[in-house]
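The values are calculated or read from the model by the stated rules, or taken from the named source; none is laboratory data. It should be emphasised that the depicted structure is a prediction, and the values quoted were computed from it without experimental measurement. Because the Cβ atoms are built from the backbone with ideal geometry, glycine has one as well, and the counts that use them run over all protein chains shown.
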Amino acid sequence: MVNLKDFTYEQLEDFLAQQGEKPYRAGQIYSWLHRGVESFEEMTDISKDLREKLKKISTLGGLKLSDKLISNDGTVKILWELYEGETIESVVMSYKHGNSVCISTQVGCRMGCKFCASTIGGKIRDLSAGEILDQVIFAGKVTGKKISNIVLMGIGEPLDNYDNVITFLKNVGNPKGINIGYRHISLSTCGVVPGIYKLAEENFPITLSISLHSAENETRNEIMPINRAYDINELITACKHYISKTGRRISFEYAMIEGVNDTPIVAEKLARLLKGMLCHINLIPINSVKESTLKRSSEKSIYVFQENLKRKGLTVTVRRELGSDISASCGQLRRKNQKSEKQ
């Protein structure tokens, strides 16, 4: 059976037309889907006959709450169970400007970044457009918070699940649905260069975040295997094209790893690499992952690195840490749950 949330509005119209239904039914059903109804019976403005018909040929998707952790700072980490028993994570973070949800796009990840718990065990499968959307809908229901911002930076590589992510973006920004503005959405990629070029043509005014983490190919090859397919020069060329095409500033995410990428010499190379680009650099003190030997840089090293970049005229901040007491980094709660199931 099809998941109705996997359809764009236009696709839902076509699907209902094939069932002999009038076009206006799509508006009614689409609205119910994006309000998070969990049964067809809740769709009170459509006939019982149509509800029964839809029950036989389709589903509403939905996620099962498996675990929820609440941090001292109010951050909420949610473990969702999918229909086949696999799990994914979402994180809801509260800021002065509103509530952000960080969502997953795949079950697991095949990118192999050395500092990330999401990639341990590899990729299981892609999430459908509806499963990505449900994280936004049900995160709001589970926490009681109105979601105003979305970050596609959870488990998985968004540009490795391109078509479903694009369908999700079309749906989440549709005025007939949740209608979250694209300027309130960020998408993070580890550097899938063909996907960056394709995304530039989509004309979504979202923020593109690049997980860079090194200005040197040798180092990036070691900590981010994607660099062996698309090296730093190819990645930066794609980023410059994206900026030129969209007029949007890119955010470069940079995990601070002790003795690996945090020296003044590397800061100098990074400054030269990004000189003149419309960009922002976000320094990230990494969280420890038991399966990794990598350690976060000291506060002093991070400060010196930041100041060196500032002196070169770059805009740079250090990411505010939220949810550190509940392992809020992507993949950690899922990994913990997998281990407990094996015991």
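Report yes if E234 is assigned to a helix (DSSP H, G or I), closer than 28 Å to G122 by Cβ and not polar (S, T, N, Q), otherwise no.
yes
Going through K77, K48, K22, K53 one at a time, which residue ends up being in contact with a strand residue (DSSP E or B) (Cβ under 9 Å, 6 or more places away or on another chain) and not aliphatic (A, V, I, L, M)?
None of the other options fit; the residue is K77.
When you scan the stretch 98-115, do you find a residue that is modelled with pLDDT under 95 and part of a strand (DSSP E or B), even just one?
Within the stretch 98-115, one or more residues are modelled with pLDDT under 95 and part of a strand (DSSP E or B).
Hey, any hits in the stretch 135-148 for a residue that's modelled with pLDDT of 95 or more, touching a Phe, Trp or Tyr at 6+ places or on another chain (Cβ under 8 Å) and more than 30 Å from I223 (Cα to Cα)?
yes
Restricting the first residue to the stretch 115-138 and requiring it to be within 30 Å of K295 (Cβ to Cβ) and touching a residue at least 40 places away in the same chain (Cβ under 8 Å), which pairs with a second residue that is in a helix (DSSP H, G or I) and not basic (K, R) meet a Cβ separation below 8 Å and a spacing of at least six or different chains?
Matching pairs, first to second residue: F115/I223; A117/Q332; G121/Q338.
Would you be able to say whether some residue in the stretch 227-239 is surrounded by 15 or more Cβ atoms within 10 Å (Cβ to Cβ) and within 24 Å of S298 (Cβ to Cβ)?
No, that holds for no residue.
Going through I226, I150, I243 one at a time, which residue ends up being touching a residue at least 40 places away in the same chain (Cβ under 8 Å), within 30 Å of T263 (Cβ to Cβ) and β-branched (V, I, T)?
Working: I150 fails: within 30 Å of T263 (Cβ to Cβ); I243 fails: touching a residue at least 40 places away in the same chain (Cβ under 8 Å).
The unique qualifying residue is I226.
Can you spot a residue in the stretch 67-74 that is assigned by TED's automatic domain parsing to the domain that holds N221 and in contact with a Cys (Cβ under 9 Å, 6 or more places away or on another chain)?
No.
Restricting attention to the stretch 146-172, and to residues there that are polar (S, T, N, Q) and part of a helix (DSSP H, G or I), which single residue is nearest to Y30 (Cα to Cα)? If you could, list the steps in order and put the result at the bottom.
Let us first name the residues in the stretch 146-172 that are polar (S, T, N, Q), namely 148-149, 161, 164, 167, 171.
Okay, now just the ones that are also part of a helix (DSSP H, G or I), so 164, 167, 171.
On the way: N164: 18, T167: 14, N171: 10 Å.
If we take residues in the stretch 146-172 being polar (S, T, N, Q) and part of a helix (DSSP H, G or I), then N171 is nearest to Y30 (Cα to Cα).
When L273 is evaluated against the numbered criteria (1) free of Cβ contacts under 8 Å to residues at least 60 places away in the same chain; (2) under 24 Å from L152 (Cβ atoms), which criterion, by number, is the only one it fails?
Looking at each condition in turn, L273 falls short on (2).
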